[in-house]
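One structure below.
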Amino acid sequence: MHGENGQEISVGMLLRRMAVLLTLSISVAVGAAYIGLEMHQCVAVGVFLAIILGTLFFWTFRLAIAFIGVAVLIFTKSLNIPQFVESSALPVILFLAGMMIIVGALRDLGFFTWVVQVIVSMPRITGIKFIVAVSVTSALLACAVDEVTSIIFISALVFQVCDRLKLNPMPYIIICVLCTNVGSAGTMLGNPVGIYIGTQAGLAFQDFIVWAFPVMLVALAVTVIVTVLWYRSELRLFDERLRERLSRNLSLAPRVEVPYRSGLILLTLTIAFIASHHPLEKALGLSPNSILLIAPLVCSGIIMILKRERARHYVEAEVDWWTLLFFMLLFAIAGTLEHTGVTEFAAHKLAQGFGRSVTVLVPVIMATTAIGSAFVDNVIFVAAFSPVIKELGKEVTAMPLWWALLFGACFGGNITMIGSTANIVALGLLEKHSRTSVQFFQWFKIGAASALVACLVAWVLLMFLAPYMPEIAAHAAVGGH
């Protein structure tokens, strides 16, 4: 039997964890009645807590727990089928599926290989120049595709270079994945929470470019500085080994010509289509974010027509249906918190505890989400907080709160090894390639330091930008609850 991260767990351990999960979930549900929640609200809280604990105790069983959780909500009449369909954010799920197909086509067309080759062929390369170029490229690539795809290809480059210089790749992998998580906050495309926040808040692609992307760039610059200083001795060793290799007239890595232009054109057209969704929607009289959500479907549909022999492969192998199903059920369960009034109750408690000042709410939301995202999938916290922010948005300017949620979720993933999917994937690749395991505190020290600095930068910039941010609708846009 396998637990989180594929580790073997015994039947006894499985039963003990299940007992803890059920005991805590039921206890919290019962306790919720004593603070004024009615029966359906208590059930919704208990099921949502079970999802959180399920991702901690039973990573490989999280989808099964989500299935059972939805069934419990329906049996107890806390959720009905129309509410399930409304809350499951199907447009978001289809958007992510379309983007996964596009990423698969980009891989086939050699786009990522071309990116790697451009970095390797940099003139007068040094350790600092190499890791800055690689980490920034990984962050920007995450903005265009997604963080996991970005780190997979960047890891291949790091392993290639470190093997030739006989270096330990661990510091370079850690730097790259920390920067990738920061970069994933720059656009709607970098992280599933981006597109979910966009649809819930009614934010356009341009809103991310205007408000989130600049903040991300500053946070990325600070993260690069912190990590390069942290691993400065390893970078000095890089320079020594590189000089030694170049003195023997050996190249850093072989140059391979790839037909990258088709992939570059595909990515450019896709991003241009997504970026132009707002004026197109206004011109065609469509509801907000309609074209945003169907743009990847149009592009992936054209890909499957042009590459019909690979169409089935793209749909079956490139789309992570396991994760998308989990997201869909998670959104439905989080929607139950809103339908039953739990999030309204939580918003009032939050306002009572911290007031209705954006200056106070921004760091509270960012810190809470960052700490939570360090241990549990950030989508869970975003799904839980989104309706709370919509409720608060009826009384305060909501846009700074949405950005606080985004940056907390993305930057907080750097705190621990399990804080983001990109972390887990990168460490899995490192262990497979180098038989090297990163210890928890070995990661935590640099991860927490970089996340703290990035969050502080985001907080300061949001406070500066908040007075200039426009009001947005308090209700959800396409795909909302």
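Laboratory data are not the source of any read-out in this text; all were calculated from the coordinates shown. None of the values given here were measured: they were computed from a predicted structure. All Cβ positions, even for glycine, are placed from backbone atoms using ideal geometry, and neighbour counts span all protein chains on display.
Binning the C-alpha pair distances of region 162-205 at 5 Å intervals from 0 yields a P(r) profile of 6, 21, 18, 13, 11, 10, 9, 6, 4, 2 %, listed from the shortest bin outward.
Across the alpha-carbon atoms of region 90-315, the computed radius of gyration and Dmax are 19.1, 65 angstrom.
Rounded, prolate or oblate: which one fits region 1-78, using the alpha carbon gyration tensor with axes a ≥ b ≥ c (rounded when a/c is under 1.5, else prolate when a/b beats b/c, else oblate)?
Because a/c hits 1.5 or more and a/b exceeds b/c, region 1-78 counts as prolate.
Overall dimensions of region 61-220, expressed as equivalent-ellipsoid semi-axes from the Cα gyration tensor (√(5λ), whole Å, largest first), are 37, 18, 14. Relative to the longest principal axis of the chain, what angle (0 to 90°, nearest 10) does the C-alpha long axis of helix 170-183 take? Between helix and principal axis, roughly 50 degrees.
Taking 0.36 nm per residue of sequence separation and removing the Cα-Cα distance, the Leu14/Leu286 pair yields an extension gain of 92.9 nm. Within region 279-333, the trypsin sites (Lys or Arg not before Pro) that combine a DSSP coil assignment with at most 16 other C-beta atoms in a 10 angstrom radius are Lys307. Were the residues from Arg243 through Thr76 laid out at 0.36 nm apart, the gain over their Cα-Cα distance would be 53.3 nm. By other beta-carbon atoms within 10 Å, ranking Val136, Val47 with the fewest at the front produces Val136, Val47. In this entry, region 1-145 is assigned a mean projected area of 13.7 nm², taken as a quarter of its C-alpha convex hull surface. The equivalent ellipsoid of the chain has semi-axes of 37, 26, 23 Å, largest first, where each one is the square root of 5 times an eigenvalue of the Cα gyration tensor. From the largest down, region 407-463 spans 44, 19, 13 angstrom on the principal axes of its Cα atoms. A simple spin-label model places pseudo-atoms 7 Å from Cα toward Cβ; at Ala317 and Tyr34 they are separated by 5.6 nm.
A simple rule links phi to the HN-Hα coupling: the Karplus curve 6.51 cos²θ - 1.76 cosθ + 1.60 with θ = phi - 60°, which for region 37-43 gives 8, 8, 4, 5, 5, 5, 4 Hz, with x for Gly and Pro.
In this model, which of Lys77/Lys394; Lys129/Lys432; Lys349/Lys394 are farther than 19 Å apart at the alpha-carbon? Pairs exceeding 19 Å: Lys77/Lys394; Lys129/Lys432.
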